[in-house]
Every structure is written in C-alpha cells, then in structure tokens.
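One structure is given below, encoded as structure tokens.
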Amino acid sequence: MEGVPASVCNGPMHIDRIDPADLDLDTADAIAALGLESQRHLGLDVTTLSGPARLKLYQHSSDGTPFAGVWVARDGEKLLGYASAHFPTRDNTDSAHLSGAVAVGERRTGIGRALCESVTEHAAAVGRHKVYSGALEGSDGVGALSRLGFRPLHTYAINSLDVHGTSRDRWQRLYDDAAAVAEGYELVRLVGRTPDERVADVVALFDAINDAPQPDPDAEPDRWTADRVRAYDEAMAARRQTVYRVMARHRESGAWAGHTVLCIDEFDPVVGHQEDTSVVRAHRGHRLGVLLKADLLRWIADERPELAATETWNSVENHHMLAVNELLGTTLAARYVSMRRG
Ligand SMILES: CC(C)(COP(=O)(O)OP(=O)(O)OC[C@H]1O[C@@H](n2cnc3c(N)ncnc32)[C@H](O)[C@@H]1OP(=O)(O)O)[C@@H](O)C(=O)NCCC(=O)NCCS
C-alpha cells in the first residue's frame, strides 16, 4: 500500500506484513503456538485456534473477505509477536478489527506498540480510523491496550460446557419442558450449506440478532442479505467449519421464529463454537431459546461423540441468554473486554 511500509525495523526486530494469500502453514503454526502460550500463561480455559484454522480464518474470514494482513514481529526466524487485522466490507467500512499477542518473555519492550502502530497506519491509509480490539480480563492486554489509546466498550462472558461431563437427561428434561410451552412450534435441523429454499429465512433469522445489546452504539449492525448467507456458507466450508443449525417454525403461520448455530472446526473437532442464537421479537416468551439450544445439544452429543466442550460468548448484559446457557450446564471460563480507539 502506498505510503505505508510493508516492513518496519527496530534493532534486531523486524515487522513484516504478510498478505493472507501468502501466509504459509509454518508461520501460521508459529502464530498458533504463541497464542496458545499466551493463553496458558493466563491459566484460563479458553480455546485458541490451531495453525490451519488460523490460516483459513485469515484467508476467508466469515464472508469470504480475506483479512487485511497478518503482521509478524521477528528476530531472525524467531517469532516475537503478531497482529492480525480484519477490515469489514459489507458494513462498518470505517472500521478495523485488531487482534494479536506478544510472546510472554518479550513483553513490555515495545513490540506490542510497534505492531499496533503498523496495523493502525495501514488502516488509516484506507480511511479506517475506528479500531476495535480487546483482551481477556486479567491479561496484560487490557492494560496495554489502554496505554495504546483504546477505551473499554463492553464486557463479554465466555462460557464453556463440558459436553461429556453433563448428563444428557438434563438437556432432555429442558427440551421436554420447553416443548410443552412451545407446542405451537416445530424444529428443523440443518447441517452445512443452506439449501436454496431456506436462504431468505436464514437472512431474517440472522437479522433477528440485531436487537441484542450492541457493544458500540456508534457501529452499524451486521447487514444480512442472501448473498452474505451464501458467502458465509462458502467461507465456513473453506475453513472446514461444519455448521449445525436448529431452526424453529411457527406451525400455524409457517413463519420462522428463531435459530441457533454451532460450528465444529474439523481441524480440532473436540470443541464446538456457539454462534448466533436468536428468536424473532414476535415469537419471544415461548421458551424457544431453551428449546433450540437443548435440541442442538441432544443432536450434537449423538452426532459428534468426539465433541468434549462448547464455548459461547455473550454480552454480560444479555441476561436471558446467559440464564439459558446456565440451565444447559455452562460455566464461566473467562471475561473479555472489547475496546475501541478512534
Ligand atoms: C497486549 C500485548 C500484545 C502488548 O504487548 P507488549 O509488547 O507488552 O506491549 P508494549 O511493550 O509495546 O507496551 C505498550 C504500552 O502498554 C504498556 N503495558 C504493557 N503491558 C502492560 C500491562 N500489563 N499493564 C499496563 N500497561 C502495560 C507499556 O508500558 C506500554 O506503554 P508505554 O509505551 O506508554 O510505556 C501483550 O501484553 C499480549 O500479548 N497480551 C496477551 C494477548 C492480548 O491480550 N492481546 C490483546 C491485544 S490484541
């Protein structure tokens, strides 16, 4: 990019920007190892992505748009730190999302600042002055990002569920109780790519999440279209993410009322990542949240016996969803503070 150097040098340390199309698996593995070390250092039980999963994420994101870059800080061959940046293209085109880490033994020597500046210069050069980032509570990241000019926006609870350690009867009971209340609804299960005849319904169900608490009132909500659903499906397939979705339909009117989505990363299929759960406003108050999620767990436990845990992120203000998750047996693994600069 004109005016922004692809490489920055500070003593023996070099920062290079790598285009995701040129990222090799060895470098992605080294980034994954650094991310894992950083997480273990904190002693929190939160999942981190493997090298192959990162490589595919940087190349495809969640809608086929590659990340704007992966910046690596190295001393010779040794990886000291990295940062990745995603620039949304379907909405929030003034924004950038930054994430990264510095090796535990190399912190507080200026590497994080240098990486952050490389990314923000690159973002500013294309008019992206709002930069979002965040860190786990209790990590060095919250203090460092504050020093780097970021302010806290919102806190998320990261909950995990021990799938093998939770009795299936628990989900069955919750399912039965909720089904008795939601007798006017039926459930439909979908795996993988959305069939053509369901795309418009899935658009409406993705959109239904937009009245969940927004971390930044200044940000545009995600704008869903048929094209975006297709792009999401393609990106998830390219990333080897198998998408399991349970949808609820109102029997009498045929209207779609809600859905819940879980992705299993086939590079590491022991953990499932809970994505959206939403119930369309007009259909709230019928226990559909519990019904959908209990059914998903009953299904997944049979279908994917290797799945040992699921992980779900929710705003700490989303009391309804947190209460549903607790009923299902999740426990708090960590809290994440989202932050913004600009
Ligand atoms: C966030 C992180 C990348 C910072 O890396 P770093 O190389 O230690 O950062 P720097 O040495 O450049 O420090 C940047 C500023 O933050 C300050 N800082 C660093 N760690 C800090 C801490 N734990 N508490 C308070 N301030 C801190 C530094 O003093 C420096 O301020 P200054 O330049 O005004 O003196 C590193 O702590 C990390 O990897 N954390 C875990 C992953 C994470 O939370 N990532 C979130 C960012 S995407």
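Laboratory data are not the source of any read-out in this text; all were calculated from the coordinates shown. The shown structure was predicted, so the numbers you read here are calculated from the model rather than taken from an experiment. Glycine gets a Cβ as well: all are built from the backbone with ideal geometry, and neighbour counts include every protein chain shown.
Over the chain, all Cα pairs binned in 20 Å intervals from 0 give whole-percent P(r) values of 29, 58, 13, 0, listed from short to long. Note on the stretch 47-95: with charges restricted to the Cβ of Lys and Arg (+1) and Asp and Glu (-1), its dipole about the Cα centre is near 180 debye.
Annotation: Cα Rg of the stretch 180-295 relative to the compact-globule expectation 2.2 N^0.38 Å equals 1.08. Divided by 2.2 N^0.38 Å, where N counts the residues, the Cα radius of gyration of the stretch 245-328 comes to 1.13. Taking the DSSP beta bridges with both ends in the stretch 70-167, the antiparallel portion is around 80 percent. Computed over the stretch 285-342, the range of Cα coordinates on each principal axis works out to 46, 32, 20 Å, biggest value leading.
Tilt of helix 226-238 relative to the longest C-alpha principal axis of the chain, in degrees (0 to 90, nearest 10)? Its long axis makes an angle of about 70 degrees. Rounded to the nearest 5, the antiparallel percentage of DSSP beta bridges internal to the chain is 90%.
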